[in-house]
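Have a look at the structure below before the remarks.
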Amino acid sequence: MRRLKWIFSVLIILGIIAFFMLPRLNNYQIDGETYLAGIKKPVKVIRDEKGMAYIFGEDLYDVIKAQGYVTAQDRLFQMHLTRVLIRGKLSEFFGEETKEMDIIQRTLGFYRAAEKHARILDKHSRKLLQAYTDGVNEYIKNGKDTHHLEFGLTGLEPDPWELTDTIAIMYYMGWGSAANIQTEITSQMLIDKVGYEKFMTIFPVNINPDEVPSTSMIHSIERKKSVEDNVRLNFIQDSPTKILGSSALDSIQLGSNNWAVGSQKSPGGKPIMVNDPHLSTKILPTLLYPTGMFTPELRAVGVTVPGIPCLMMGRNKYVAVGITNAYGDAQDLYIETIDPNNPANYLEGKASIPFKVIKQTLKIKDKEEPNGFRMEKFNIRLTKRGPVISNVLKGLKTEKLVTVRWAPMESMQPSLGLDCLLKSKSVGDIKNILKDMTAIHLNYVFADIHGDIAWQTTGRIPIRSKGNGSVPFKVTDDRDNWSGWIPYEEMPQNYQPERGWVGTANHKPVTKDYPYYYSSWFAPSYRYQRMTELLDPPGKKTVDDHWKFMRDDLNVLSRVISPILAKALIAQPETRKMGEILTQWDFRDKIDSPAPSIFQETYRNLAGLVFKDELGEEIGSYLIGNNYFWQERLGIMINEGKSEWFDDITTPDKKETLTDLIQKAGIETLKDLSERIGDDPEDWLWGEIHQIEFLNPIRRSGLGKGRLGGGSHPMAGSGDTIYRALFLLNHEGNIVKYSAALRMVADLSDNEKVLAVIPGGVDGRTFSPHFTDQIEAYMSGEKMYWWFSDEKIKEHADSELHFKPRMSL
């Protein structure tokens, strides 16, 4: 009894402290006046009811500096965590568990790239970055008493921001936009396990739905190599390579949908641009930060990644811009041979060349050490192509290593193109600016007030004279197999399409007559196919229509596959009711329907049964986790009803059919969902198992994670719907990992507002009223806005801060 009284007293005290103290934890200045060193003229920051900052100034660089300051006010802790990750310093705080990740980050060399790129920046780009950097540092220095609570709770200290921090974040993002390395690593694992010929039967199929349906639309790797040309490397045993081929480095990897409709399809007579970039939305705050930026020449609202100035997506007075990941293949793996007579060298034919060596020291948190840390040294080795990313691969005639080559390291330009949205006045302006954007491979969809709409890919893609970019390339001499770059004018693009709209969904964007190899790593075509069904019909589509389209939960994959599953399940007594539910389904992944649960779990189990008997649990699970690799291919196999992969090699006295595997997968689903929810399939509602969870970075598990974060919410959609809610097929459960980090509809005929919502909120501070205040609207579809006109910004003003100039001390 005494213990209960003590606990009750403690709770009362904590409640009183929380009531009086929590509001003061985020008491940084958003009203009144303060000084900002280095600005030429006063700058005004109005925040609206969401806490979103609208920055007004006479000079662009002053506005950029203020953007750095207010971003640090709201997101400094997030920026610092991103910087620690990319610098390869997580182990200082998390110990041994993040050591391998730190080694990989340093090996890939995002900061080496940033330092190199910083040296060639043109005057304008450097000035933009420096203004933003100075603004961030003004807050770090002068707002010390109002730094995020999270710094004190984690023991972290914000170092001064550097210009190279911003560039390194750009390169980190760029790595995820050129994700074909996952194809190469997965391909090599399969070759290691089943040999080249069998591997070719499940090599990725990439489909462009805009091509005329025929067998010619299915293009896989050219069969130029024989089995003997490929060495077996046992990648599955090499931990660094496995990490690179997984989703461990993709926290800022952009999936996404975007589209723009022309004037003839818009009720207002000017184009409408739509964008919902898909990112890992599990950790709050979201990876995108909204801001408004205004000068006498500029009026723009949009989002950027905290740590990067200007605006990446949004609109100005003349244009609107949205982005998705293009997945252009700008990464190649190379099989290098160590000189057996001199292990410090590698071979190119008979030539022995010394590795370039970069010495590194990791500081690793270790409670067993007297000072709480231990130091561990390692070396990064570089060849002419790039860093060594594998351990030594033994068991071959000569010892091998794997290096990675990445086009952005070799195609840097003086301009970064960061101010594309700020200074463009037409589709033509955007096209010219994007030419210099080489660090990242994106699909830009954009429109202007003149009625023009367009799509353009960015980045540089190598032309390969040998090898095809889909499997690792064996180095045998000193000849460079990259013979040049695809000319910018011939990169995938579409200007003023006849159909009246243009859009992308990470799908294969090129047709069979495209003269260059672009990539073999794309999203399955289902989202883009659904996009065409929504946008192709004649007639005008309102802003409200486009807002609904972003929440469209019709699953095109299930429309093709579900009837086949249903037929097999009905034929088996134990799963008959499951099959009957599928036959009555409208193929929408709604939270109050049991059919999506039955379909998704049976489909997941079926994939495991198809692949894991030949590949084993570890490689099979690895493959299934990279669903872009196999999903389109498996859909074709199921539709055709035959494949050598359907036979279970562990039962040599029986030859299994597709029906056998579906029925077995159905039994597994029955057992699993009965244990998780109950025995009646009618109760297996999709929202019961398919949920999105918003977590606070300082409390990701355990007691209090729901209170400190944004809680768990049933979510419609799936990985194959426009309303994206992707869960990992090789993980237990159905917790959403990737969903929209922004939903935006910009109508260029509306000069008052932009329809937009983000998961979480603007502020990255725990206990801030703007930490989770947009979650309800994000989940329900309620409309929220960025204000565009002075009148609307004034009408919705919640605070007003005035920065006055002063000289730097």
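The values are calculated or read from the model by the stated rules, or taken from the named source; none is laboratory data. Nothing here was measured: the structure is a model prediction, and the numbers come from that model. Virtual Cβ from ideal backbone geometry, glycine too; neighbours counted across all protein chains shown. Ligands, DNA and RNA are excluded from the accessible area calculation, which covers all protein heavy atoms including side chains. Shrake-Rupley method; radii C 1.70, N 1.55, O 1.52, S 1.80 Å.
So for region 520-533 (the condition being on the phi > 0 side of the Ramachandran plot and either in contact with a His (Cβ under 9 Å, 6 or more places away or on another chain) or among the polar types (S, T, N, Q) (or both)), does at least one residue qualify? No, region 520-533 has no match at all.
Just to check your reading of the model, which residue among L729, L695, L673, L708 is aliphatic (A, V, I, L, M) and farther than 30 Å from R743 by Cα? Exactly one residue qualifies, and that residue is L673.
Under the condition of being of a type in the set (V, I, T) and open to solvent by 70 Å² or more (accessible area, probe 1.4 Å), the residues counted in region 576-590 number 1. Considering each residue of region 627-643 in turn, at least one proves to be in contact with a Pro (Cβ under 8 Å, 6 or more places away or on another chain), part of a helix (DSSP H, G or I) and open to solvent by 30 Å² or more (accessible area, probe 1.4 Å).
Each residue in region 143-157 was checked for being in contact (Cβ under 8 Å) with a residue 12 or more places away in the chain and either open to solvent by 20 Å² or more (accessible area, probe 1.4 Å) or touching a Ser or Thr at 6+ places or on another chain (Cβ under 7 Å) (or both), and 7 of them qualify. All conditions in (1) without any contact (Cβ under 8 Å) to a residue 40 or more places away in the chain; (2) under 29 Å from E533 (Cβ atoms); (3) open to solvent by 30 Å² or more (accessible area, probe 1.4 Å); (4) not basic (K, R) hold for P573, with the sole exception of (2).
Listed conditions (1) part of a helix (DSSP H, G or I); (2) farther than 25 Å from M744 by Cβ are all met by S519, apart from (1). From the list K612, K655, the lone residue that is more than 18 Å from S562 (Cα to Cα), open to solvent by 10 Å² or more (accessible area, probe 1.4 Å) and assigned to a helix (DSSP H, G or I) is K612. Figure legend. Inter-residue proximity from region 172-193: first residues at pLDDT 90 or above, second residues polar (S, T, N, Q) and in a helix (DSSP H, G or I), beta-carbon distance below 8 Å, spacing 6+ or different chains. Indicated pairs: Y172/T82. When region 460-512 is examined, which residues are found to be open to solvent by 60 Å² or more (accessible area, probe 1.4 Å) and assigned to a loop (DSSP other than H, G, I, E, B)? Scanning region 460-512 gives S465, K466, T476, D478, R479, D480, Q496, E498, R499, K512. Restricted to strands (runs of 3 or more DSSP E) entirely inside region 362-459, those with at least 3 residues that are of a type in the set (A, V, I, L, M, F, W, C) and open to solvent by 30 Å² or more (accessible area, probe 1.4 Å) are 373-382. A single member of Q78, Q73 is among the polar types (S, T, N, Q), modelled with pLDDT of 95 or more and open to solvent by 10 Å² or more (accessible area, probe 1.4 Å), and it is Q78. Residue pairs whose Cβ atoms lie under 7 Å apart, sitting 6 or more positions apart in sequence or on different chains, and linking a residue in region 541-567 that is closer than 18 Å to T583 by Cα and touching a residue at least 60 places away in the same chain (Cβ under 8 Å) to a partner that is assigned to a helix (DSSP H, G or I) and of a type in the set (F, W, Y), are V556/Y526; L557/Y526; S558/F599; I561/Y603; L565/F599. Just one of the numbered conditions (1) at positive phi; (2) open to solvent by 10 Å² or more (accessible area, probe 1.4 Å) is not true of L287: (1). Among the residues of region 773-809 satisfying the criterion of being open to solvent by 50 Å² or more (accessible area, probe 1.4 Å) and of a type in the set (S, T, Y), which is farthest from G135 (Cα to Cα)? In this case the residue turns out to be S780.
Can you tell me how many residues in region 278-297 are more than 17 Å from R75 (Cβ to Cβ) and of a type outside the set (D, E, K, R)? Here the count works out to 4. In region 330-341, the condition of being within 22 Å of N481 (Cβ to Cβ), open to solvent by 50 Å² or more (accessible area, probe 1.4 Å) and more than 31 Å from the chain's Cα centre (by Cα) is met by no residue. Applying the condition of being of a type outside the set (A, V, I, L, M) and over 19 Å from G57 (Cβ atoms) to region 291-314 and asking which residue is surrounded by the most Cβ atoms within 10 Å (Cβ to Cβ) yields G307.
Looking at region 678-692 only, could you name the residues that are in a helix (DSSP H, G or I), under 24 Å from M550 (Cα atoms) and not aromatic (F, W, Y)? Within region 678-692, G687, E688, I689 qualify.
Taking each residue of region 503-518 that is within 21 Å of D452 (Cα to Cα) and looking for partners that are part of a loop (DSSP other than H, G, I, E, B) and open to solvent by 20 Å² or more (accessible area, probe 1.4 Å) with beta-carbon atoms closer than 9 Å, six or more apart or interchain, yields P509/D210. With respect to (1) farther than 30 Å from G268 by Cβ; (2) open to solvent by less than 50 Å² (accessible area, probe 1.4 Å), the lone exception for M531 is condition (1). Consider region 661-681 and keep the residues that are of a type in the set (D, E) and in contact (Cβ under 8 Å) with a residue 12 or more places away in the chain. The one that is least open to solvent (accessible area, probe 1.4 Å) is D672.
The condition (being buried (at least 18 other Cβ atoms within 10 Å of the Cβ) and over 20 Å from M273 (Cβ atoms)) is satisfied by just one residue among P515, P524: P524.
Let me confirm something: among V427, V388, V445, which residue is among the hydrophobic types (A, V, I, L, M, F, W, C), farther than 30 Å from E489 by Cβ and within 28 Å of the chain's Cα centre (by Cα)?
Selected residue: V388, the only one of V427, V388, V445 that is among the hydrophobic types (A, V, I, L, M, F, W, C), farther than 30 Å from E489 by Cβ and within 28 Å of the chain's Cα centre (by Cα).
Residues of region 201-222 that are at pLDDT 90 or above and more than 28 Å from the chain's Cα centre (by Cα): T201 alone.
Taking the condition open to solvent by less than 10 Å² (accessible area, probe 1.4 Å) and in contact with a helix residue (DSSP H, G or I) (Cβ under 6 Å, 6 or more places away or on another chain), does F599 pass?
Against the criterion (open to solvent by less than 10 Å² (accessible area, probe 1.4 Å) and in contact with a helix residue (DSSP H, G or I) (Cβ under 6 Å, 6 or more places away or on another chain)), F599 qualifies.
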